[in-house]
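Notes follow the structure.
The values are calculated or read from the model by the stated rules, or taken from the named source; none is laboratory data. The shown structure was predicted, so the numbers you read here are calculated from the model rather than taken from an experiment. Ideal geometry is used to build each Cβ from the backbone, glycine not excepted, and the neighbour counts take in all protein chains shown.
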Amino acid sequence: MQRQIITLTASRPLTADVVELRFAADTSAIVRPGQFVNLALEGLFLRRPISVCDWDADGLTLVVKVVGKGTARLAALRPGAALDALVGLGNGYDVDACPADPVLAGGGVGVPPLYGLARALIAAGKRPAVALGFNRKEEIFYDDAFRALGLPVAVATADGSAGAKGFVTDILPEGRYVCCCGPEAMLKAVHARAAGGQFSFEARMGCGFGACMGCTCRTIAGPKRICKEGPVLRREEILW
């Protein structure tokens, strides 16, 4: 973990309530896809944890959906804005543990960290397939970004306005190794269909680095902290 000041260099809307933010930052503390940053915002007591979508030597990309005061402030930032950030938090996806052809399953704002994972898998000589789930056509984002990587992409919408009608599990092959990120109900449904995999959990966090124990979940080895031992957990250790 590294505390630093990161500076916004670019911002662009992806949907009506989702924005992509690019920050200049020291990314040496980010060692796995699926890790997150914790951002301090003036006037708000707790930092806001945001998954890293992608990163390189020059900085990192975050994708934020507006759901409250903190995310609304982030979405409203303009280039030049500086934030106090904790960078390189959490336990991300283990690329080496993935087979040659995993499926990446994302739901809504759970999609962004899978993009960084896809790039890491490709760099490791692996070829994932991608399954994305959204509520409706207007909420779809990053499907073209995955296709630009040369990956097969399937999309499902709950209302049937684009792709297959239904949920991400309706387009997910059964019995495959799955890396996924999304709401807990989606993770539970994917867990039932997957033969193995890695699951990234969302949780409200206090400190973001394991001190407060406020974001624990049940596993076969006892309680684990989403911010420290997670957010990515192996399928076989998760208890619902």
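Results, tabulated for the structure shown:
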| item | result |
| --- | --- |
| Scope region 85-106; condition farther than 25 Å from Pro13 by Cβ and not in a loop (DSSP other than H, G, I, E, B); matching residues | Leu86, Gly88, Leu89, Asn91, Val95, Asp96, Ala97, Val103 |
| Glu20 farther than 21 Å from Cys207 by Cα and either within 14 Å of the chain's Cα centre (by Cα) or in a loop (DSSP other than H, G, I, E, B) (or both) | yes |
| Some residue of region 28-38 being of a type in the set (D, E, K, R) and either modelled with pLDDT of 95 or more or surrounded by 18 or more Cβ atoms within 10 Å (Cβ to Cβ) (or both) | yes |
| Scope region 190-203; condition buried (at least 21 other Cβ atoms within 10 Å of the Cβ) and either in a helix (DSSP H, G or I) or outside the structural domain of Pro128 (by TED's automatic domain parsing) (or both); matching residues | Val190 |
| Filter result (within 26 Å of Val52 (Cβ to Cβ) and over 18 Å from the mean Cα position of the chain (by Cα)) within region 173-213 | Arg176, Ala194, Gly196, Gly206, Cys207, Gly210, Ala211, Cys212, Met213 |
| Pro33 being part of a loop (DSSP other than H, G, I, E, B), touching a Phe, Trp or Tyr at 6+ places or on another chain (Cβ under 9 Å) and in the same structural domain as Glu229 (by TED's automatic domain parsing) | no |
| Members of region 39-55 that are surrounded by 12 or more Cβ atoms within 10 Å (Cβ to Cβ) and part of a loop (DSSP other than H, G, I, E, B) | Leu41, Leu44, Leu46, Arg47 |
| Candidate set from region 138-168 (those that are outside any loop (DSSP other than H, G, I, E, B), in contact with a Gly (Cβ under 8 Å, 6 or more places away or on another chain) and among the small types (Gly, Ala, Ser)); member that is surrounded by the fewest Cβ atoms within 10 Å (Cβ to Cβ) | Ala154 |
| Tally of residues being under 14 Å from Val63 (Cβ atoms) and free of Cβ contacts under 8 Å to residues at least 24 places away in the same chain across region 145-157 | 0 |
| Residues within region 170-186 that are over 26 Å from Ala123 (Cα atoms) and crowded, with 21+ Cβ neighbours inside 10 Å, tallied | 1 |
| Exclusive hit being under 30 Å from Glu174 (Cβ atoms), part of a helix (DSSP H, G or I) and touching a residue at least 12 places away in the same chain (Cβ under 8 Å), set Val109, Val63 | Val109 |
| The lone exception for Gly80 - which of (1) exposed (fewer than 14 other Cβ atoms within 10 Å of the Cβ); (2) within 14 Å of the chain's Cα centre (by Cα) it fails | (2) |
| Residue list for region 56-69, restricted to those being surrounded by fewer than 21 Cβ atoms within 10 Å (Cβ to Cβ) and either within 19 Å of Gln4 (Cβ to Cβ) or among the polar types (S, T, N, Q) (or both) | Asp56, Ala57, Asp58, Gly59, Thr61 |
| Scan of region 67-82 for residues that are among the aliphatic types (A, V, I, L, M) and not in a helix (DSSP H, G or I), ordered by number | Val67, Leu77, Ala81, Ala82 |
| Any hit, region 89-102, residues being surrounded by 22 or more Cβ atoms within 10 Å (Cβ to Cβ), farther than 15 Å from Gln35 by Cβ and of a type in the set (A, V, I, L, M) | no |
